[in-house]
Amino acid sequence: MNYLASAHADLQNNLSLVDFVEISPEDQLDAPGALGLRRIAELSQRIPIKSHGRRLSIASAGQLDAEHLDRVAEIVALSRSCFYSDHLAFMQADSGFSELHMAPPYVAETLDIVVPKVVQVQKRIPVPFLLENVPNLLLANSAANEGVFFRQLCTATNVGILLNLDALIFSADAAGRSAESILDEYPKNNIVAVTLVPHASMNETFRLNHGDDTDSRLFDLLAKVLRETPARAVVVQRRYDHETLPQVSDILQKVRGMLASAPAVEVTS
C-alpha cells in the first residue's frame, strides 16, 4: 500500500492489512520539519518499506540532479527500503519541472539517454533499482513498442521493472493493441513488482475515459503477470484520504489471495 502522510494514523491502526508500505522520498524531502522522517524511521521497524520516487526525470535530455539523488539515497537508507524505483519518463524541460510524467519515445536515441543514468543510479543507491512504465497516450506508435524498449533497456543495464498495470492498459488502448500482447514483449524475468490503481482511486480523467470494467481488466492482467513472471510484490495505490484501509480491504484481500495461489516461476537466463 502506498503511504499517505495525512492517513498515517489509519495505517498505524491497520498494519495487519498490508504486507509492505511504499513511500515517496520526495514527500519526505518536501515535508517541513523532521516529523515525517521520524515516522518513516519508526514505520520501518514494524513493516518492510519500498521507496518510489517521482522526480528523477530519467528520460530527460539533461543530466541527473546529483544533489537530489544524494538526498533520495539518504531517505532510502533511513527507511531501510527493499528497493528504489522511479518512472521511465521525463518531467524536466528548459522552463523547469512539470508535474506530469511524460512517456518518452521508445527509440534508440532515448535508450542512449537513459542507459548511463540507470547505471549512475545503480552505483549511487545500493538497493535494486526499478523503473515504472507510465501511460503513453500521445505517442501511439511509440506505445506499441513499449515492451521491446524495456527489453533493450534491461539487456543493457539489468534494471528491474515496476509494472504499472493501469499504465499498460491505457498505453495499449492508445496504440490499438491488447495489453497482454505488449506484456509478452517485456523481459518478464526483470518484472520485480507490480502496481495497480483500482477504478475508484483513479484520477478523474482516467476514470471518465475508461469503462467500469477496468478493474476486471486489471485483475486479469495481474493473473497473467503472476503466472509468467517472478513478481511477487503488488502495490495497491489509493489516492484519496477518505479511502481508509478497511474500505479497500476487499481489494487487498483479493490481491493477497492471488499471490498465495500464484505458481512458482523459474527465472531463466
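Step by step: first the residues of segment 104-147, then only those that are β-branched (Val, Ile, Thr) and surrounded by 19 or more Cβ atoms within 10 Å (Cβ to Cβ), then the one that is nearest to ALA193 (Cα to Cα). Which residue is that?
Step one: list which residues in segment 104-147 are β-branched (Val, Ile, Thr), which gives 107, 110, 113-115, 118-119, 121, 125, 127, 134.
Subset that is surrounded by 19 or more Cβ atoms within 10 Å (Cβ to Cβ): 110, 114, 118, 121, 125, 134.
Working: THR110: 23, VAL114: 20, VAL118: 18, VAL121: 18, ILE125: 18, VAL134: 14 Å.
Checked segment 104-147; the qualifying residue nearest to ALA193 (Cα to Cα) is VAL134.
Applying the selection to segment 145-176, what residues are closer than 11 Å to TYR106 by Cα, among the aliphatic types (A, V, I, L, M) and in contact with a strand residue (DSSP E or B) (Cβ under 9 Å, 6 or more places away or on another chain)? Answer for segment 145-176, where residues must be closer than 11 Å to TYR106 by Cα, among the aliphatic types (A, V, I, L, M) and in contact with a strand residue (DSSP E or B) (Cβ under 9 Å, 6 or more places away or on another chain): just LEU153. Checked against (1) part of a helix (DSSP H, G or I); (2) at pLDDT 95 or above, GLU185 passes all but condition (1).
Name the one entry in SER85, SER81, SER44 that is in contact with a Leu (Cβ under 8 Å, 6 or more places away or on another chain), crowded, with 23+ Cβ neighbours inside 10 Å and of a type in the set (S, T, N, Q).
Details: SER81 fails: in contact with a Leu (Cβ under 8 Å, 6 or more places away or on another chain); SER44 fails: crowded, with 23+ Cβ neighbours inside 10 Å.
Step by step, each of SER85, SER81, SER44 is checked, and only SER85 is in contact with a Leu (Cβ under 8 Å, 6 or more places away or on another chain), crowded, with 23+ Cβ neighbours inside 10 Å and of a type in the set (S, T, N, Q).
Within this structure, ALA144 passes the test of being over 24 Å from ARG80 (Cβ atoms), in contact with a Lys or Arg (Cβ under 8 Å, 6 or more places away or on another chain) and of a type outside the set (D, E, K, R). The residue that is nearest to ARG256 (Cα to Cα), among those in segment 1-22 that are of a type in the set (Asp, Glu) and within 20 Å of the chain's Cα centre (by Cα), is ASP19. Could you identify the single residue in SER81, SER51 that is within 16 Å of the chain's Cα centre (by Cα), in contact (Cβ under 8 Å) with a residue 24 or more places away in the chain and more than 26 Å from ILE169 (Cα to Cα)? When all the criteria are applied, what remains is SER81. Pairs needed: first member in segment 4-17, in contact (Cβ under 8 Å) with a residue 60 or more places away in the chain; second member anywhere, surrounded by 12 or more Cβ atoms within 10 Å (Cβ to Cβ) and aliphatic (A, V, I, L, M); C-beta distance under 6 Å; at least 6 residues apart or different chains. Within 6 Å, the pairs are ASP10/LEU245; ASN14/LEU245; LEU17/LEU245; LEU17/LEU252. If you go through segment 142-190 and keep only what is in contact with a Phe, Trp or Tyr (Cβ under 7 Å, 6 or more places away or on another chain), closer than 22 Å to ILE125 by Cα and of a type outside the set (A, V, I, L, M, F, W, C), you end up with just GLY160.
Take the conditions modelled with pLDDT under 90 and touching a Leu at 6+ places or on another chain (Cβ under 7 Å) and apply them to ALA179. Does it pass? Spelling it out, it is not the case that ALA179 is modelled with pLDDT under 90 and touching a Leu at 6+ places or on another chain (Cβ under 7 Å). Being at pLDDT 85 or above, in contact with an Asp or Glu (Cβ under 8 Å, 6 or more places away or on another chain) and not acidic (Asp, Glu) is the requirement here; does ILE58 meet it? The answer is yes for ILE58. Every test in (1) buried (at least 20 other Cβ atoms within 10 Å of the Cβ); (2) assigned to a strand (DSSP E or B); (3) in contact with a His (Cβ under 8 Å, 6 or more places away or on another chain) is passed by LYS50 save one, and that test is (3). Selection of segment 257-267 for residues being surrounded by 15 or more Cβ atoms within 10 Å (Cβ to Cβ) and not in a loop (DSSP other than H, G, I, E, B) yields MET258, LEU259.
Residues of segment 218-269 that are aliphatic (A, V, I, L, M), modelled with pLDDT under 90 and more than 28 Å from HIS8 (Cα to Cα): ALA264, VAL265, VAL267.
The values are calculated or read from the model by the stated rules, or taken from the named source; none is laboratory data. All values reported here derive from a predicted model rather than from experimental measurement. Neighbour counts are summed over all protein chains in view; Cβ atoms, including those assigned to glycine, are modelled from backbone coordinates with ideal geometry.
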